[in-house]
Amino acid sequence: MDQLVEAREAPERTTEKGWEPRIVAMVCNWCTYAGADMAGTARRVYAPSVRIVRFLCTGRIDPLFIVKAFEQGADGVVVSGCHPGDCHYVQGNLLARRRFTVFQALMDFLGLDRRRLHFAWISASEGVKWSRIVDEATAAVREAGPLRHWGRPVKGNSSAQPLLPDTDAGIAPRDPPSAEENQLITGHLQELVTNLLSDGTVSTVIGYTAGSLPQQMVPLFVNEPRDASTLGWNEHCANNLVIYLPQVLKKNRDAKIGLVTKSCDARALIPLIREGQLRREQIVLLGIPCRGMWNQGKMAAKCYSCSEEVSPFTDWTITPEGTKKGSLTSAERRQVSPDPRDREIASLGSFLPEERWDYWQRQFDRCLRCYACRAVCPLCYCATCISDKNRPQWIPTTIDGKGNMAWNVVRAMHLAGRCIGCDECARVCPAGIRLDLLNRGLVQEIERRFDFCSHVNPESSPPLTTFQPDDPDEFI
Ligand code: FES
């Protein structure tokens with residue numbers, strides 16, 4: 001951290017040859033640092049632009065450090081450690097490789113110039129390689145120029161806000177359920193909840209009730225059978241109620257909770273079970289076939305491609321016809337339309353990196369740091385969020401480009417391989433930041449590279465806590 005601060009405080013270097021880049025090299029102590037040392041002992045001449053920060057292992061290098069280096073004024077970053085198989089801690093670099101793969105993909109998605117971020121494996125005997133990598137990185141960063149737009153749109157870019165295609169143009173939404181269907185479902189739900197609370201199957205049911213605005217539905221905790229009549233259901237039950245489970249179960253580990261869920265919300269249970277936040281037997285899932293959530297006459301983008309009317313993990317399914325135990329069969333699953341956001345992601349991918357950068361900087365620029373995205377995310381359950389820590393303060397709390405950038409990038413990385421795509425963050429963002437595109441872009445990247453889907457198997461290891469010896473590393 002001190003070295004990073006030092007890097008920030010050093011004035012922009014200009015020599016008689018012109019501007020000199022400032023590069024932070026994060027290296028492992030056992031291989032690359034020794035390699036750099038060897039280059040020095042052998043009196044090899046290489047560009048004097050790097051400031052080395054030594055870590056015990058690349059496994060210890062969090063992408064947050066890279067974000068911090070850029071935020072503090074680095075024009076480029078080099079990350080380097082032992083070759084795969086040589087790590088002093090056996091697998092630190094293999095785990096790091098996955099993290100860097102995702103981070104590099106995120107930076108590409110945001111449009112950071114590829115010339116600014118370099119990864120390399122350098123052993124203790126490769127002093128020559130170290131000097132070559134430093135020279136190459138320096139030349140690339142020099143070509144890219146000073147990084148003055150970290151956390152800011154690219155100044156003077158005329159195509160400042162790339163136009164994304166209309167999210168739902170040409171894709172027909174489903175019909176919302178009729179008021180009569182909703183009424184029938186509500187009646188069956190109230191009856192089932194009364195029974196479950198009366199016979200002690202569950203101690204609490206978390207569901208929805210009518211809010212103070214027309215058509216609004218808000219979360220409701222029901223503890224007594226007589227209160228079940230206040231529960232309701234319609235196509236405006238947008239909140240993901242899974243967020244309440246870790247808090248409720250922390251207070252009472254033996255409680256059994258009934259949860260009214262849509263299929264997309266129930267997916268959040270899988271990563272929570274995988275991460276040890278709850279046990280499946282603590283939850284009774286009351287699934288309601290969902291035809292999509294609607295707001296102001298528009299179906300939510302996530303609903304177009306949702307194939308499950310009810311989660312396969314559902315304990316009770318409540319339909320207009322009645323209540324049945326278990327979920328729907330696969331034959332009862334529906335046909336889906338393509339997700340309209342995929343066209344937006346593809347469209348973003350076709351822009352030049354500086355246009356993408358500009359787009360995202362303008363998105364993040366609107367961030368108010370209200371942390372509503374964090375408050376509604378079922379997977380944001382840390383006791384103290386990194387954004388609330390101030391010793392050291394990794395994420396600036398001021399509402400400015402750098403702080404907003406750091407917060408949104410770090411949050412995206414935190415959810416990489418965990419996000420289940422409920423899109424609650426994008427729904428509640430008062431600034432309308434397209435967090436759904438950001439998260440979906442990373443979900444697709446992780447599926448493509450590691451064949452991992454966060455909401456399928458609670459027994460599987462999260463992709464960033466494991467590795468395969470032949471993981472892709474074409475960028476290193
Ligand atoms: Fe060098 Fe782990 S010890 S990368």
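The values are calculated or read from the model by the stated rules, or taken from the named source; none is laboratory data. Since the model is a prediction, treat every value here as computed from it, not as a measurement. FYI the Cβ positions are ideal-geometry reconstructions off the backbone, even for glycines, and counts take in every protein chain you see. Heads up: the accessible areas ignore ligands, DNA and RNA and are worked out on the full protein's heavy atoms, side chains in. Shrake-Rupley method; radii C 1.70, N 1.55, O 1.52, S 1.80 Å.
I'm told residue 33 meets every condition in (1) within 10 Å of the ligand (Cβ to nearest atom); (2) open to solvent by less than 20 Å² (accessible area, probe 1.4 Å) except one. Can you identify the failing condition by its number?
For residue 33, the failing item is (2).
Looking at segment 209-222, which of the residues that are farther than 22 Å from residue 252 by Cβ and touching a residue at least 12 places away in the same chain (Cβ under 8 Å) is most open to solvent (accessible area, probe 1.4 Å)?
We begin by selecting, within segment 209-222, every residue farther than 22 Å from residue 252 by Cβ; these are 209-218.
Now restrict to residues that are touching a residue at least 12 places away in the same chain (Cβ under 8 Å): 209-210, 215-218.
Details: 209: 27, 210: 72, 215: 124, 216: 65, 217: 17, 218: 43 Å².
The residue in question is 215.
Name the one entry in 79, 134 that is closer than 22 Å to residue 147 by Cα, within 12 Å of the ligand (Cβ to nearest atom) and of a type outside the set (Phe, Trp, Tyr). Walk me through how you get there before you give the answer.
Numbers: 134 fails: within 12 Å of the ligand (Cβ to nearest atom).
Sole residue among the options that is closer than 22 Å to residue 147 by Cα, within 12 Å of the ligand (Cβ to nearest atom) and of a type outside the set (Phe, Trp, Tyr): 79.
What's the total number of residues in segment 434-452 that are in a loop (DSSP other than H, G, I, E, B) and either modelled with pLDDT of 95 or more or open to solvent by 40 Å² or more (accessible area, probe 1.4 Å) (or both)? If you could, list the steps in order and put the result at the bottom.
Let us first name the residues in segment 434-452 that are in a loop (DSSP other than H, G, I, E, B), namely 434, 451-452.
Among the residues that remain, those that are also either modelled with pLDDT of 95 or more or open to solvent by 40 Å² or more (accessible area, probe 1.4 Å) (or both) are: 434, 451.
Residues flagged as in a loop (DSSP other than H, G, I, E, B) and either modelled with pLDDT of 95 or more or open to solvent by 40 Å² or more (accessible area, probe 1.4 Å) (or both) within segment 434-452 amount to 2.
What do you reckon, is residue 109 of a type in the set (Phe, Trp, Tyr) and more than 16 Å from the ligand (Cβ to nearest atom)? Working first, answer last.
Values: of a type in the set (Phe, Trp, Tyr): yes; more than 16 Å from the ligand (Cβ to nearest atom): yes.
Here the answer is yes, as residue 109 does meet what is asked.
Take the residues in segment 88-98 that are more than 6 Å from the ligand (Cβ to nearest atom) and in a helix (DSSP H, G or I), then tell me which one is farthest from the chain's Cα centre (by Cα). So that I can check it myself, show each step before the final result.
Just the residues of segment 88-98 that are more than 6 Å from the ligand (Cβ to nearest atom), to begin with: 90-91, 94-98.
Those left that are additionally in a helix (DSSP H, G or I): 94-98.
Numbers: 94: 21, 95: 18, 96: 17, 97: 18, 98: 15 Å.
The extreme case among them is 94.
From the set of residues in segment 42-52 that are in contact with a helix residue (DSSP H, G or I) (Cβ under 6 Å, 6 or more places away or on another chain) and among the basic types (Lys, Arg), which is farthest from the ligand (Cβ to nearest atom)? Can you show your working first?
Just the residues of segment 42-52 that are in contact with a helix residue (DSSP H, G or I) (Cβ under 6 Å, 6 or more places away or on another chain), to begin with: 42, 44, 46-47, 49-51.
After this cut, where a residue has to be among the basic types (Lys, Arg) as well, the list is 44, 51.
Working: 44: 21, 51: 19 Å.
Only one residue fits best here, namely 44.
Okay, residues lined up against (1) over 27 Å from the mean Cα position of the chain (by Cα); (2) modelled with pLDDT of 95 or more:
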site: 20; (1), (2): yes, no
site: 27; (1), (2): no, yes
site: 34; (1), (2): yes, yes
site: 47; (1), (2): yes, no
site: 71; (1), (2): no, no
site: 86; (1), (2): yes, no
site: 100; (1), (2): no, no
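What are the residues in segment 182-206 that are hydroxyl-bearing (Ser, Thr, Tyr) and free of Cβ contacts under 8 Å to residues at least 40 places away in the same chain, if any?
Narrowing segment 182-206 to residues hydroxyl-bearing (Ser, Thr, Tyr): 186, 194, 198, 201, 203-204.
Scanning segment 182-206 gives 194, 198.
Hey, any hits in segment 406-426 for a residue that's touching a residue at least 12 places away in the same chain (Cβ under 8 Å), β-branched (Val, Ile, Thr) and touching a Lys or Arg at 6+ places or on another chain (Cβ under 7 Å)?
Yes.
Determine the pairs where a residue that is in contact (Cβ under 8 Å) with a residue 60 or more places away in the chain and open to solvent by 40 Å² or more (accessible area, probe 1.4 Å), located within segment 82-101, has a partner that is more than 7 Å from the ligand (Cβ to nearest atom) and of a type in the set (Lys, Arg) with Cβ atoms under 9 Å apart, the partner being 6 or more residues away or on another chain.
What qualifies is 84/97.
Given the criterion among the β-branched types (Val, Ile, Thr), touching a Phe, Trp or Tyr at 6+ places or on another chain (Cβ under 8 Å) and surrounded by 20 or more Cβ atoms within 10 Å (Cβ to Cβ), identify the matching residue among 310, 260, 284.
Numbers: 310 fails: touching a Phe, Trp or Tyr at 6+ places or on another chain (Cβ under 8 Å); 284 fails: surrounded by 20 or more Cβ atoms within 10 Å (Cβ to Cβ).
Unique residue meeting the criteria: 260.
Which members of segment 53-66 meet the condition of being within 12 Å of the ligand (Cβ to nearest atom), out of contact with any Leu (no Cβ under 7 Å at 6 or more places or on another chain) and open to solvent by 20 Å² or more (accessible area, probe 1.4 Å)? Spell out the reasoning first.
Residues of segment 53-66 within 12 Å of the ligand (Cβ to nearest atom): 54-61.
Still in the running and out of contact with any Leu (no Cβ under 7 Å at 6 or more places or on another chain): 54-58, 60-61.
If the condition is that a residue be within 12 Å of the ligand (Cβ to nearest atom), out of contact with any Leu (no Cβ under 7 Å at 6 or more places or on another chain) and open to solvent by 20 Å² or more (accessible area, probe 1.4 Å), then 54, 55, 56, 60 are the ones that fit.
Check 39, 74, 69 and return the single one that is open to solvent by less than 10 Å² (accessible area, probe 1.4 Å), away from the ligand (no atom under 13 Å from the Cβ) and assigned to a loop (DSSP other than H, G, I, E, B).
On the way: 39 fails: assigned to a loop (DSSP other than H, G, I, E, B); 69 fails: assigned to a loop (DSSP other than H, G, I, E, B).
Result: 74 is the single residue among 39, 74, 69 that is open to solvent by less than 10 Å² (accessible area, probe 1.4 Å), away from the ligand (no atom under 13 Å from the Cβ) and assigned to a loop (DSSP other than H, G, I, E, B).
Which of the residues that make up segment 290-305 are open to solvent by 20 Å² or more (accessible area, probe 1.4 Å) and within 12 Å of residue 262 (Cβ to Cβ)? Outline the logic, then answer.
Restricting attention to segment 290-305, the residues satisfying the condition of being open to solvent by 20 Å² or more (accessible area, probe 1.4 Å) are 291, 294-298, 300-302, 305.
Residues satisfying the conditions are 291, 300, 302.
Can you spot a residue in segment 230-246 that is over 30 Å from residue 384 (Cβ atoms) and in a helix (DSSP H, G or I)?
So in segment 230-246, the residues over 30 Å from residue 384 (Cβ atoms) come out as 230-237.
Cutting the leftovers down to in a helix (DSSP H, G or I) gives us 230.
Scanning segment 230-246, I find at least one residue that is over 30 Å from residue 384 (Cβ atoms) and in a helix (DSSP H, G or I), so the answer is yes.
Which residues, taken from segment 356-373, are crowded, with 19+ Cβ neighbours inside 10 Å and part of a helix (DSSP H, G or I)?
Those that are crowded, with 19+ Cβ neighbours inside 10 Å and part of a helix (DSSP H, G or I): 356, 357, 358, 359, 360, 361, 363, 364, 373.
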